[in-house]
Amino acid sequence: MIDRREEKEERKMKLKVYADRMSQPSRAILIFCKVNGIDFEEIHIELSKRQQLSPEFQAINPFKKVPAIVDGRFNLFESHAILIYIASAFPGVADHWYPADVSRKAKIHAVLDWHHLNLRRGAAGFVLNTVLAPLLGLPLNKEAAAEAEKVLTSSLSTIENIWLKGDGQYLLGGFRPSIADLSLVCEIMQLQLLDEKEHDRILDPHKKVQTWIASTRNATKPHFDEVHNVLYKLKLRLSLKQSSQADGERKSGIKGPIISKM
Amino acid sequence: MMGKLNAYVDRMSQPCRAILIFCRLNGIDFEEIKVDIAKSHHLSPEFTEVNPLQKVPAILHGNLNLFESHAILAYLSSAFPGIADHWYPTDVIRRAKINSILDWHHSNLRYGAEIYVTNTVLGPAIGRPRNPKAAAEAEKVLLSSLSKLENIWLNGDGRFLLGSFQPSIADLSLVCELTQLEVLDEMDRGRILSPYKKVLGWIEDTRTATNPYFEEMHNILYRAKKKFQQQRSRIAESGTETTNNRGRHSKM
């Protein structure tokens, strides 16, 4: 009898999501939970303050990374595993997010798997080594940035020409978004931190990609923008900084980059 | 009935071996179609139709063409009847844990092991220049991954990943990645693997649980290993290899 009561207590315990909204995979999970009306508690782990290294968080995730979840007695990390778990374990999540159909599900797995060493590696590596590193007290690595850019451009081409093939406007020709769309779009959003010219240079050639980002954002509003607010605020702060640097360079007679549009 | 399963593979590829072993072990009826990477068959128009990303493994099953080995393993576990639950449990929580290690694998063990082996042995073997910097970077990732396996992923009562008593598709995938280290110089391989006792035990347990198919699918790798050992012996004996002057003979 006692065990059954304990079980009921556990189920009553809310899902806890350990996240930093500056982290692309964290955002995917937060948006997913909000869009699907999942009852959860968001626990902020501030990466810039290295809170992921605390002993408390290490007990949640020995790999010391966000996102991570605790559901009752069960901990889980790796955002794709988390998205799949939530889609499967919580009632009321619409089928298009993670279809029951074995073949469609398999195709979504394929995109999710491809993502790690392609879009994720390229986009995260490029943004880290051109913009974010100084903010995290790390050195900028030009060689790593160049490598990452190659992977990023190649990945965007693959999305444009292969993954976005089909009748619908989502990945794999879907008419409604899946967890793969959410994961990959949140990754690409990190490119917002780049200076306007860089951002446009990288994304402009990929028209389908741009439409797909807009569709995904639209399909998950207002949560998409709400969760991305921290990113937008940082983007603004960075572009103001870039502006004033440019002004300073102009006043001293040195030609600088074009001022970001705001 | 979905029709025949075709598996496009090269047995020198780690994820290909995982799929072949899984199919044979589970009595899945399929045709193995060899795609010789060394001969660039993966770049042919015929294969590009099967997988536009031009990578092995890939499968064709009825109307479905699928690539990415973890997606394939998960698909096979679900689409074919009679596959024991421990390979990819239906329990949502156990499955989630297996998914998390399959995800972790890409940027960790796979990235470290593959790049290290390519930059020290397999790349030079097909005429690619050695890249000691890439090898050093990859080695760091490889060692860190082995440490995580030893101290975190292999924690628990059972001898398989996540403390399980029976292997899952994660065990098969990761062990097939580690067997690629067989082509390394014996001392190098020993240096890298010997600190990790649990990992070494786990590789053996997975091999035992999946024999004779494990041995069969690794035959080509063992032959390649022998060939490399003989080459290294010849170089050591003739003393012409100036960058690897250890003066000892490889065990054969």
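Rule-based calculations on the coordinates, nothing more; no lab input. In this text, all values refer to a predicted model and were calculated from it rather than measured experimentally. For neighbour counting, all protein chains shown are included, and Cβ atoms are generated from backbone atoms with ideal geometry for every residue, glycine included.
Brief remarks follow.
- Computed E for A:K197/A:K165 - FRET, C-beta separation, R0 35 angstrom, nearest 0.05: 0.75
- Cα long-axis angle, helix A:102-115 against chain A (0 to 90 degrees, to the nearest 10): 40
- Per DSSP, loop GluC sites (Glu not before Pro) in segment A:20-111 with at most 12 further Cβ within 10 Å: A:E46
- Surface/4 of the Cα convex hull for segment A:110-175, nm²: 4.9
- Kirkwood estimate for the protein assembly as shown, i.e. one over the average of 1/r between Cα atoms, Å: 24.7
- Normalised alpha carbon radius of gyration of segment A:172-244 [divisor 2.2 N^0.38 Å]: 1.18
- Kirkwood-Stokes translational diffusion coefficient of segment B:92-238, alpha-carbon pairs, 20 °C, 1.002 mPa s, µm²/s: 133
- Close amide H pairs (under 5 Å, H built 1.01 Å from N) link A:I43 with A:V17, A:Y18, A:A19, residues at least 5 positions away or on another chain.
- Quarter of the Cα convex hull surface for segment A:56-96, i.e. its orientation-mean projected area (nm²): 3.2
- Cα-only Debye scattering, chain B: base-10 log of I(q)/I(0) at q = 0.08, 0.11, 0.16, 0.17 Å⁻¹: -0.33, -0.62, -1.27, -1.40
- Calculated on alpha-carbon atoms, Rg and Dmax of segment B:43-107 in Å: 13.9, 42
- Positive-end residue, chain B charge dipole about Cα centroid, Cβ charges, pick of B:H218, B:H42, B:F22: B:H218
- Each of A:L15, B:L172, A:L184 was scored by other Cβ atoms within 10 Å of its Cβ. Arranged with the fewest first, they read A:L15, B:L172, A:L184.
- For the residue pairs A:K105/B:K4; A:K150/A:K235; A:K65/B:K97; B:K34/B:K225; A:K150/B:K227, the C-alpha atoms sit more than 25 angstrom apart in A:K150/B:K227.
- The reciprocal of the average 1/r between distinct C-alpha atoms defines the Kirkwood hydrodynamic radius, which for segment B:5-79 equals 12.2 Å.
- Tilt relative to chain A, helix A:142-158 - C-alpha long axis, 0 to 90 degrees, to 10: 60
- 0 to 90° range, to nearest 10: angle between helix A:207-219 axis and chain A longest Cα axis: 50
- For segment B:1-135, the equivalent ellipsoid derived from the Cα gyration tensor has semi-axes of 28, 21, 12 Å, listed largest first.
- The average projected area of chain A, computed from the convex hull of its Cα atoms over all directions, is 16.0 nm².
- Taken about its Cα centre, the protein assembly as shown carries a charge dipole of about 1020 debye when Lys and Arg each add +1 at the Cβ and Asp and Glu each add -1 at the Cβ.
- Charge-dipole axis of segment A:110-217 as Lys and Arg at +1 and Asp and Glu at -1 on Cβ define it, positive-most pick from A:G137, A:Q210, A:H199: A:Q210
- Over chain B, relative contact order from alpha-carbon pairs under 8 Å, at least 6 apart, %: 18
- For q = 0.18, 0.19, 0.22 Å⁻¹, Debye-computed log10 I/I(0) when each Cα of segment A:32-169 counts as one equal scatterer: -1.24, -1.27, -1.30
- Over chain B, DSSP H runs of length four or greater, each weighted -39,500 (n - 2.57), average out per residue to a 222 nm ellipticity of -15500 deg cm²/dmol.
- Selected from B:A113, B:G163, B:W202, residue furthest toward positive end of dipole (segment B:92-238; charges at beta carbon): B:A113
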